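For reference, the structure is listed below as structure tokens.
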Amino acid sequence: MIEGPPPSPPAISVPAEVRSIVAWGDPAALIALRERMDGRGWHWATGNLGGKTAMLYLDPPQSAGAAEIRRLIDEINAGKYGKINAGYGLVGEAAVREEAALGVKRCGFPPAAMRISYSDTLQSDVITLETSDSRPVRSAFQCLYRIQRATGAFIQFKDRGAEKTWRDFSFAEDKRVGAEMARQWLAERGLDVPLPSYTPGREGLTRFARAIEGHCSVSPGSALEVAGSNTLTMNQRYMAATFKSPDRKEDLTCLLYAIAASDFERGGGFFGFFGNEIHETGKQP
């Protein structure tokens, strides 16, 4: 077992050749940033931190210099683009190995116990850790979780016992972080209490959806759709209209955060975004 005091977050030094940006936080703010940078020729990919907290990867065009990239990160962290944060993405095997090894070592794992690869499926770097202990201490997990959030890398354990414990921990942290962000956003706007309560069953699901829409001053039935006995999703027409109208993006954020901060998931409900085929054919997830 890894002993000692809780490790501090790793200090990440950025190699000169690193040019990409990773941003995380409010989904609606990330969507707005994505559209803004897409219009400037930046390439992007999206990810999920769990709950309703999203992640956006941005790769600049060749014409963008290091100063422009640093300036955008500073602007994001200063709040210019909403409730999101940003840092440098790790591009290239050498850069990933250098930064991951530093962070993992500070979490209590020697570099020799680490293997780095790239997953086409996950579209991210994967850090696999080997340990003889199937129950690493919680402080080590907390440290690793900070690295995972900061770099966008996917961390896993080779040992099945350690992997299950880590997955349970990181899933719970994803939910906690997402719910905290949701509650903070709602509280700042006086929308945190009382939130609609969910009663399991299709009728209860429909009532909950309409109540959440009303809580966020959205027309009943225009945004949330029932997609299964316990599943809600977003109406595609509503999403399309929201992307075209900046004034409606706060309503979308309210919907996502109100669901995340409510008792919906604890009551067995599921919320997710699904592809066109589900909506067009009526298939359920």
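Between Asp192 and Ser139, what is the label-to-label distance in nm when each label sits 7 Å out along the Cα-to-Cβ direction?
3.0
Quote to one decimal, in nm, the extra length available between Ala78 and Ala66 on full extension: 0.36 nm per residue of separation minus the C-alpha distance between them.
Length difference between fully extended and current span is 2.5 nm.
I'd like to compare 57-63, 253-259: which one has the highest average count of other Cβ atoms within 10 Å, and what's the full order after that?
Order by mean packing, descending: 253-259, 57-63.
Between Thr199 and Arg115, what length in nm is gained on full extension when 0.36 nm per residue of separation is reduced by their alpha carbon distance?
Taking 0.36 nm per residue and subtracting the Cα distance, the gain is 25.7 nm.
Mind ranking 262-272, 66-76 by how tightly packed they are, going by the mean number of other C-beta atoms within 10 angstrom, highest first?
The densest-packed peptide leads the list: 262-272, 66-76.
Report the FRET efficiency, 1/(1 + (r/R0)^6), for Thr206 and Gln156, where r is their Cβ-Cβ distance and R0 is 35 Å, rounded to 0.05.
Efficiency at R0 = 35 Å is approximately 0.35.
Give the calculated FRET efficiency between Ser229 and Leu122 to the nearest 0.05, with a Förster radius of 30 Å applied to their Cβ-Cβ distance.
Rounded to the nearest 0.05, the efficiency is 0.50.
Which whole-percent values make up P(r) of segment 219-273 when all C-alpha to C-alpha distances are grouped in 10 Å steps starting at zero?
For segment 219-273, the pair-distance distribution reads 23, 55, 21, 2.
If we sort 213-226, 25-38 on the protection proxy, mean other Cβ atoms within 10 Å, highest first, what's the order?
For the peptides 213-226, 25-38, the packing ranking is 25-38, 213-226.
Kindly write out, for segment 57-74 in residue order, the coupling ³J(HN,Hα) from the Karplus curve 6.51 cos²θ - 1.76 cosθ + 1.60 (θ = phi - 60°), rounded to whole Hz, with x marking Gly and Pro.
With the stated coefficients, segment 57-74 comes to 9, 10, 10, x, x, 4, 6, 6, x, 4, 5, 5, 5, 4, 5, 5, 4, 5 Hz.
If amide H atoms are built 1.01 Å from N in the plane of the peptide, which residues on other chains or at least 5 residues away come under 5 Å of the amide H of Ala153?
Distant-sequence amide H within range of Ala153: zero hits.
Choose one of Phe169, Leu195, Ala153: the residue whose Cα lies farthest towards the positive end of the charge dipole of segment 105-217 (beta-carbon charges +1 Lys, Arg; -1 Asp, Glu; about the Cα centre).
Phe169
Sequence-distant or interchain residues sharing an amide H contact under 5 Å with Ala54, placed H: which?
Under 5 Å from the amide H of Ala54: Gly25, Leu49.
For Gly221, which sequence-distant residues (separation of 5 or more, or a different chain) have an amide H within less than 5 Å of its own amide H, given hydrogens modelled in the peptide plane?
none
Take Leu102 and Arg176, extend 7 Å from each Cα along the Cα→Cβ direction, and tell me the distance between the two endpoints in nm.
The modelled label-to-label distance comes out at 2.7 nm.
Bear in mind these aren't lab numbers, they're just calculated from the coordinates by the rules spelled out. Just so it is clear, the structure is predicted and the values come from calculations on it, not from any experiment. Note that each Cβ is placed from the backbone with ideal geometry, even for glycine, and that neighbours are counted across all protein chains shown.
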